[in-house]
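Data block below; observations after.
The values are calculated or read from the model by the stated rules, or taken from the named source; none is laboratory data. Predicted model only: the values in this text are computed from it and were never measured. Cβ atoms come from the backbone with ideal geometry, glycine included; neighbour counts cover every protein chain shown. Protein only, heavy atoms only, side chains kept; ligands, DNA and RNA dropped before computing areas. Shrake-Rupley method; radii C 1.70, N 1.55, O 1.52, S 1.80 Å.
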Amino acid sequence: MTIRTRFAPSPTGYLHVGGARTALFSWLYARKHGGQFILRIEDTDLERSTAESVNAILEGMTWLGLEYDEGPFYQTHRFDRYKEVIAQLLEQGDAYYCYCSKEELDTLREQQRANKEKPRYNGKCRHAAQEKKGVAPVIRFKNPLEGSVIVQDAVKGNIEFQNSELDDLIIARPDGTPTYNLTVVVDDLDMGLTHVIRGDDHLNNSPRQINIFKALGAEVPVFAHLPMILGDDGARLSKRHGAVSVMSYRDEGYLPEALLNYLVRLGWSHGDQEIFSIDEMISLFDIIDVNKSASAFNTDKLLWLNQHYIKTSTAEHIAHHLAWHMGQLSIDPADGPDLVKVVALQQERAKTLVEMAANSQFFYKEVTEYDEKAARKNLTPASVEILENMVQRLSALPEWQAEPIHSHIKECSVAREIGMGKVAQPIRVAITGNTMSPPLDVTLELLGTERTLAAMKSAVTWINDQK
Ligand code: GLU
């Protein structure tokens, strides 16, 4: 049997990290078994679905590298097929028209509430539908009245639902459009899905869907309902807890592999291993190892993983992602040294790509402002001579390389009987605007003669102007 899984988001917002984890687990399961992963856009709610949201989902999937083998399929393109299945259910006596008005249903619900009963449709039209002139009926599925449905869940085990607890759900609205539980079953069936992996907020829909599968004479797929993701306060993860959209993690400077590694551990583990390459995830992941209980989102751990991947990935790979962040700062990496070389210098010292981009701007853009504290301490009248002396020394260098640059910083400090830091810091502030940079000699080598000397001369002018 070829394993076929799917991710079926409703395009009503951005790609949420919870959705991304569902997508990741479905993708991993398909990849592990050499199967197929399908993307289906559940856009039948015409009022809430938007094209921007579809784009946001596609963008998130692409950024994470969760490639789908088939799709995206859009449910709005499949209305004819849903109509066909609804007609089939009506014909075989598994569905019926219901003319009950909203007022009738409201009264029923109130009565049930007053009697402390669970609000549910009483099946009036199932037994004796009375056509009402001018009233467009809904269509309800005839849920079995007796017995039970067992959801054989790969994560939660067997869960039994009594049919007497499930009412006859609406499968078509008065305008004929199909509802969620119907479209999902038709699609899961037509798309040959073997495994339905989704959030456990859908667990209560599963017995209803299983009954529809059975009415259609179809084999029921394996279900796996993933436990919720919680925020650090134990409540369901939401905007209140900070970033929840996948793309906001890109914006905040995370690498996709860090987020994937983080998400795979939300509810799944393999011993106490924390770091997983994509290949390892694929080979080690199994749906039956997913925890039954909810897991909590921990931003510190995500940051730790991000730093790990920034340190250990190739500079080329990081540069590819960093280029986007440089663009956000209106910097074109073509206007300065090779970005890969900049990354190689910065890899050890950044937790996020936002931080790395901010700290690398000076390679591409003249410093126009100095950090106040850094300037007060390091760009003083006393440093004018040092900077001038260093300009002289460095202008005369036959080869612009880290080693001779280092020797000159050292010689200058020895000649003046001051520490090397007293020479290096004014230069550092002159070129970066601040007191932090990778080792100065290699930084200057990469920055190049012209930019280095110009920045040092500007700092001298700036100091003199302060007098
Ligand atoms: N479209 C549903 C959602 O976004 C998911 C349906 C399913 O996975 O069966 O919550």
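For Lys214, the lysines whose Cα falls under 19 Å of its own Cα, not counting residues fewer than eight places away in the same chain, are Lys83, Lys142. Legend: calculated FRET efficiency, Asp338 to Leu397, from the Cβ-Cβ distance at R0 = 35 Å, rounded to 0.05, equals 0.95. Seen against the Cα atoms of the chain and their longest principal axis, helix 79-91 is set at about 30 degrees. Cα-based values for region 38-122, radius of gyration first and Dmax second, are 19.7, 53 Å. Bridging of Lys410 to aspartates and glutamates at a Cα separation below 12 Å is possible for Asp441, once same-chain residues fewer than 8 apart are set aside. In units of the rule-of-thumb radius 2.2 N^0.38 Å, region 194-233 shows an alpha carbon radius of gyration of 1.43.
Per-atom-type breakdown for region 1-115 gives carbon and sulfur 47% of the accessible area (1.4 Å probe, protein chains only). For Asp153, the residues whose modelled amide H falls within less than 5 Å of its own, excluding neighbours fewer than 5 places apart on the same chain, are Asn158, Ile159.
Dimensions of region 99-249 based on its C-alpha atoms, expressed as ranges along the principal axes with the largest first, amount to 55, 37, 31 Å. Note on region 88-182: Rg/Rh from Cα positions, Kirkwood definition for Rh, rounded to two decimals, is 1.01.
Separation of region 267-324 from region 333-375 is 26 Å, based on Cα centroids. Compared with the rule-of-thumb size 2.2 N^0.38 Å for a compact globular protein, the chain has a Cα radius of gyration ratio of 1.38. Rolling a 1.4 Å probe across the protein heavy atoms gives region 183-259 an accessible surface of 34 Å² per residue.
A 1.4 Å probe run over the protein chains yields, for region 321-467, 52 Å² of accessible area per residue, whole-number rounding. Figure legend: label point modelled 7 angstrom from the Cα of Asp300 along Cα→Cβ; residues of region 223-248 with amide N under 18 Å from it are 230-235, 241-243. Taking packing as the residue-averaged number of other Cβ atoms within 10 angstrom, the listed peptides 155-167, 38-50 run from highest to lowest as 38-50, 155-167. Using a probe of 1.4 angstrom and keeping all protein chains present, the accessible surface of region 1-88 works out to 43 square angstrom per residue.
Here region 315-428 exposes an accessible surface that is 48 percent carbon and sulfur, computed with a 1.4 Å probe and the other protein chains kept in place. Computed over region 382-467, the percent of Cα pairs more than 19 Å apart is 29. Modelled spin-label separation between Trp462 and Glu103, with each label point placed 7 Å from Cα along the Cα-to-Cβ direction: 7.7 nm.
Annotation: Cα Rg of region 274-338 relative to the compact-globule expectation 2.2 N^0.38 Å equals 1.58. Taking amide hydrogens as placed 1.01 Å from N in the peptide plane, the amide H of Arg236 sits under 5 Å from those of Gly231, each at least 5 positions away in sequence or on another chain. Here's how it looks for Val196: its modeled amide H is under 5 Å from those of Val222, Phe223, Ala224, which are all 5 or more places away or on a different chain.
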